[in-house]
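Working notes for the structure below.
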Amino acid sequence: MNAIAIDGPAASGKSTVGYRVGRRLGFVFFDTGVMYRAVAWAVLEQGINSADDEAVGRLAEQLRIEVDAPASDLSDGRQATILVGQADVTWEIRSTRVDSIVSVVAANARVRRELTRKQRGVGLAYGSGAAGKAGVVMVGRDVGTVLLPEAPLKIYLQAPLEERARRRLRELVERGREADFNKILEDMRVRDRTDSHRAVAPLRPAEDAVQIQTLGLTVEEVVEQILALTTARLGVTPSSPDE
Ligand code: CDP
């Protein structure tokens, strides 16, 4: 199977790196976090208490979440277009309001059961070539451990909390958002703790994951390391960076 699993804590570079790895290999890139964010967005939108397991679980089972390739005339930096029903929530799911409840929503067993089923289906379809794609790069928290344990290459990205908070601050500022470093840092600390300590599918490296410490490395250096591992493990050769 042509599947690469990339996991790691908040803002460790999973989506930036994973997207570029996917492009160089002609693999589909799929960010599983957007689906948890979409459920969290809907929880806020419908005024549901995020701690109400029953109501949140029911919502996740009913929600129509679509993850599409962006329309070709869109150039606002999106990697995918995320729809909840008819609403384009691509940027709204990145709000600090969503950040503050998404980990609680993602710890809900019914939410996980629903999204795991869908995401594993996507991974198997693209990973096996059945969907007419060369392979898949899936990024998240539990791709190597739960979603695609059979993936032939698993990566776990790491970076110190302060560095990750700096990266997230830079992203938000680039998008013209107001952001406070200390609040980002504190929210990230809480989210990492919730993600690592939940009962179902906690954030942790798979036993056979290659761990990459990204502090001091450029995005391109991390991408090249993963591509070298891909060639070794999957026998797939990437295109050159400017193609
Ligand atoms: O971009 P960032 O790393 O900040 O977050 P994300 O990857 O968009 O994920 C948002 C949240 O969704 C995480 O903090 C987890 O609580 C949850 N998540 C998860 O539980 N399992 C996944 N496979 C992906 C995300």
Output for Cβ contacts, cut-off 9 Å, separation at least six or different chains, first residue more than 14 Å from Ala60 (Cα to Cα) in the range 20-38, second within 16 Å of the ligand (Cβ to nearest atom) and acidic (Asp, Glu), reads Thr32/Asp142
Within the group Ala40, Ala107, which residue is within 12 Å of the ligand (Cβ to nearest atom), modelled with pLDDT of 95 or more and within 18 Å of Leu147 (Cα to Cα)?
-> Ala107
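Which members of the range 182-210 meet the condition of being outside any helix (DSSP H, G or I), surrounded by 13 or more Cβ atoms within 10 Å (Cβ to Cβ) and of a type outside the set (A, V, I, L, M, F, W, C)? First the steps, then the outcome.
Step one: of the range 182-210, the residues outside any helix (DSSP H, G or I) are 198-210.
Then keep just the ones that are surrounded by 13 or more Cβ atoms within 10 Å (Cβ to Cβ); that gives 198, 200-206, 209-210.
Passing the criteria: Arg198, Pro202, Arg204, Pro205.
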Number of the exception - Ala71 against (1) away from the ligand (no atom under 16 Å from the Cβ); (2) at pLDDT 95 or above; (3) out of contact with any helix residue (DSSP H, G or I) (no Cβ under 8 Å at 6 or more places or on another chain); (4) not basic (Lys, Arg) | (2)
Are there any pairs with C-beta distances below 7 angstrom linking a residue in the range 135-156 that is modelled with pLDDT of 95 or more to a residue that is among the acidic types (Asp, Glu) and more than 8 Å from the ligand (Cβ to nearest atom), with the two at least 6 apart or on different chains, and if so which?
-> Lys154/Asp208
Give me the pairs, please: first residue somewhere in the range 177-192 and among the small types (Gly, Ala, Ser), second residue anywhere and in a helix (DSSP H, G or I) and within 14 Å of the ligand (Cβ to nearest atom), beta-carbon distance under 6 Å, and either six or more positions apart or on two chains.
-> Ala179/Leu169; Ala179/Leu172
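Would you check if Ser50 is hydroxyl-bearing (Ser, Thr, Tyr) and either part of a loop (DSSP other than H, G, I, E, B) or more than 15 Å from the ligand (Cβ to nearest atom) (or both)? Steps first, answer last, please.
On the way: hydroxyl-bearing (Ser, Thr, Tyr): yes; either part of a loop (DSSP other than H, G, I, E, B) or more than 15 Å from the ligand (Cβ to nearest atom) (or both): yes.
The answer is yes for Ser50.
The values are calculated or read from the model by the stated rules, or taken from the named source; none is laboratory data. Being a predicted model, the structure only gives us computed values, none of them experimental. All Cβ positions, even for glycine, are placed from backbone atoms using ideal geometry, and neighbour counts span all protein chains on display.
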